[in-house]
Amino acid sequence: MGLKKYIFGTLILIIGIFGYVFSLESGDYRVEIIDQAVVLPVAAWVLLPTVLLFALTILHMVFYGLKSYFSHKSIEKDSESLITLIDKRLMKEDSNVSFQNKTFKELDTILSQLDMDLTAQTIECNNKAINKTVSKLKDIKAGVYIPAKELKLSSNNPLMIMNTINRINNDDNFALEVLKDSSKYAENIVNTAFEVVLEKKSFTSIKKNLDNLVLDSAMLIKLLKKDSDQAVEIAMNNEDILKLIKNVELTNKELIQIAKNYKSSMTPDRIIKLYEDISTLKEEYTASYLYILAEYEMIDKMRDILVNSASNEFSAFKAFIDLRDAGKHTYSLDTICYR
């Protein structure tokens, strides 16, 4: 029964009871309460408990009605907060929303520890905020760049990093800007910008920004491969190459690959001098220098280097010299499997 119907029905009942008792002409009734006499018609005394019960019933119904109303409102608010939480987790963000309901608080604890992602191309959902977030996620994963002001994510957010990489891949001018101010960006962003500039911009462009970069071995190998393809007037000199190699940890295998790339663009004297200088940087780089000497049949120089080496060192190079001394020129270091 609705509250209005209950009140209306009860008032009808009270009026009916009062009218019936009053019609009996039962007179008045006197009640003394703490030396105070209260005189009321008998009809009023009969009706008083009914009215009191009615008032208490109304208060009871109002109290639990308000309690139910506020409980329902808190669930509605928590439901909205849950959508916000899901939206934040999809965007790889930490959530600062709060919950009132115990069940929702438990969900918050669980979801805040999960890494949420899309498992399908779309989500069947009527919520506009979630649908908008899903659309952004699809675009970012498809390589589309979304302006940063639309995402409103922190710079170290994985999706923001992916979005920045999308911008680099779609805008080589921005890639160059990243290299100019590389300290502001994450390592993988700088690496991507480096590759884009190396591929799409002039070699001079990247040479101008080398002082701003911290190169790893993979980046340096790609850079020197690009350098080996340049005209002499644009390519780096030995001093520049040596400076770069000095700051990067390379293996002899990588140094030998670099040498192979340069064989078509460097004169023998220049490449031999370069690797002689490289061998002075670290003793373990001697193997790459020996490889270059072997490539150009500089046997006497190889002997001078190997004469004081331990018997178990540079075995492949020693075997190469022995084969040459025996007049066998069909073997190369690559077939001997140097180490």
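Scan ILE258, ILE278, ILE305 and give me the residue that is touching a Phe, Trp or Tyr at 6+ places or on another chain (Cβ under 9 Å) and in contact (Cβ under 8 Å) with a residue 24 or more places away in the chain.
Answer to the selection: ILE278.
In the list SER74, SER81, which residue meets the criterion of being among the hydroxyl-bearing types (Ser, Thr, Tyr), within 30 Å of MET160 (Cα to Cα), surrounded by 12 or more Cβ atoms within 10 Å (Cβ to Cβ) and at pLDDT 75 or above?
Unique residue meeting the criteria: SER81.
Give the number of residues within the stretch 84-119 that are closer than 30 Å to SER155 by Cβ, polar (S, T, N, Q) and surrounded by 13 or more Cβ atoms within 10 Å (Cβ to Cβ).
Adding up the residues that qualify gives 3.
Do we have any residue at all in the stretch 266-276 that's open to solvent by 30 Å² or more (accessible area, probe 1.4 Å), basic (Lys, Arg), in a helix (DSSP H, G or I) and closer than 30 Å to LEU213 by Cβ?
yes
Within the stretch 182-206, which residues are under 20 Å from the mean Cα position of the chain (by Cα) and not in a helix (DSSP H, G or I)?
If the condition is that a residue be under 20 Å from the mean Cα position of the chain (by Cα) and not in a helix (DSSP H, G or I), then TYR185, ALA186 are the ones that fit.
What tally of residues in the stretch 304-317 results from selecting those that are open to solvent by 50 Å² or more (accessible area, probe 1.4 Å), within 14 Å of SER288 (Cα to Cα) and assigned to a helix (DSSP H, G or I)?
Residues in the stretch 304-317 being open to solvent by 50 Å² or more (accessible area, probe 1.4 Å), within 14 Å of SER288 (Cα to Cα) and assigned to a helix (DSSP H, G or I): 2 in total.
Sort through TYR289, TYR296 and tell me the only one that's in contact with a Leu (Cβ under 9 Å, 6 or more places away or on another chain) and under 26 Å from PHE320 (Cβ atoms).
TYR289
Residues in the stretch 156-172: is at least one touching a Lys or Arg at 6+ places or on another chain (Cβ under 8 Å), without any contact (Cβ under 8 Å) to a residue 60 or more places away in the chain and at negative phi?
yes
Filter the stretch 162-178 down to the residues that are out of contact with any Ser or Thr (no Cβ under 6 Å at 6 or more places or on another chain), open to solvent by 30 Å² or more (accessible area, probe 1.4 Å) and in a helix (DSSP H, G or I), then identify the one that is nearest to ASN209 (Cα to Cα).
Of everything passing the filter in the stretch 162-178, GLU177 is nearest to ASN209 (Cα to Cα).
Check the stretch 130-145 and report whether any residue there is hydroxyl-bearing (Ser, Thr, Tyr) and outside any loop (DSSP other than H, G, I, E, B).
Yes.
Check LYS222, LYS226, LYS201, LYS263 and return the single one that is open to solvent by 70 Å² or more (accessible area, probe 1.4 Å), in contact (Cβ under 8 Å) with a residue 12 or more places away in the chain and more than 26 Å from ALA316 (Cβ to Cβ).
LYS222
When the residues of the stretch 277-295 are narrowed to those that are in contact with a helix residue (DSSP H, G or I) (Cβ under 8 Å, 6 or more places away or on another chain) and exposed (fewer than 14 other Cβ atoms within 10 Å of the Cβ), which ends up nearest to LYS328 (Cα to Cα)?
Looking at the filtered set, the residue picked out is GLU284.
For the stretch 57-87, which positions are farther than 30 Å from LYS136 by Cβ and either in contact with a strand residue (DSSP E or B) (Cβ under 6 Å, 6 or more places away or on another chain) or charged (D, E, K, R) (or both)?
If the condition is that a residue be farther than 30 Å from LYS136 by Cβ and either in contact with a strand residue (DSSP E or B) (Cβ under 6 Å, 6 or more places away or on another chain) or charged (D, E, K, R) (or both), then LYS67, LYS73 are the ones that fit.
Could you look through the stretch 183-198, keep only residues that are in contact with a Lys or Arg (Cβ under 9 Å, 6 or more places away or on another chain) and of a type in the set (A, V, I, L, M, F, W, C), and pick out the one that is least open to solvent (accessible area, probe 1.4 Å)?
The extreme case among them is PHE194.
Would you mind telling me which numbered condition in (1) surrounded by fewer than 15 Cβ atoms within 10 Å (Cβ to Cβ); (2) under 19 Å from LEU306 (Cα atoms); (3) within 39 Å of the chain's Cα centre (by Cα) ILE256 fails?
Of the numbered conditions (1) surrounded by fewer than 15 Cβ atoms within 10 Å (Cβ to Cβ); (2) under 19 Å from LEU306 (Cα atoms); (3) within 39 Å of the chain's Cα centre (by Cα), the odd one out for ILE256 is (1).
The values are calculated or read from the model by the stated rules, or taken from the named source; none is laboratory data. If you're wondering where the values come from, they're calculated on a predicted model, not measured in any experiment. Glycine also receives a Cβ, built like all others from the backbone with ideal geometry; neighbour counts cover every protein chain displayed. Side chains included, ligands, DNA and RNA excluded: accessible areas come from the protein's heavy atoms. Shrake-Rupley method; radii C 1.70, N 1.55, O 1.52, S 1.80 Å.
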